[in-house]
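Novice: One structure coming up, written as structure tokens, with questions to follow.
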Amino acid sequence: MQNKQQLDKLDKLDQLDQLDQLDQLDKLDQENQLVIPCAGPPGLNEEQINLVAIVMRQTNYDLSMTIDQLRENEWQMEKVIKGYLGNGNSTKSRNVSLNQKIFRQLRLRLDDSVKAYNAKHNIQLGNELHS
């Protein structure tokens, strides 16, 4: 019986917490931007405050974590959100066989030689046309 009362109290606390979150969502202005009282944290301009609000809406980061992530990523919200989603600068390492390495070097060498040949030929053609 006592456990049921405690569970009921916890449910009421959860409901109050959800109502508090709904009250915070009601603070969205008509332009669908978060209204931050007192112009936000000190040292941030209006554009940075808007970036903080956008990142906070798109992630579960709190205010301090959002500001830290934005500062680390030079205030580029796309990088912060991609990092949150796991699509950051992850590069997959490919296992490349020796044969693939050899042919890659051959292609690069041939490309360089063709570019040099075309550049030389274009200069000769230009000289012939102007003569």
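Just so you know, all these numbers are worked out from the coordinates, no wet-lab data involved. On a predicted model such as this, the values are computed, not experimentally measured, just so you know. Heads up, the Cβs are rebuilt from the backbone with ideal geometry, glycines too, and the neighbour counts pull from every protein chain shown.
Novice: Find out how many positive minus negative residues lie around residue 113, taking Lys and Arg as positive, Asp and Glu as negative, among other residues whose Cβ is under 14 Å from that of residue 113.
Specialist: +2
Novice: Here is a further query. How much length, in nm to one decimal, is gained on full extension between residue 58 and residue 122, taken as 0.36 nm per residue of separation minus their Cα-Cα distance? It would help to have the intermediate numbers written out before the result.
Specialist: Working: separation 64, 0.36 × 64 = 23.04 nm, distance 5.35 nm.
Working it through step by step, the gained length comes to 17.7 nm.
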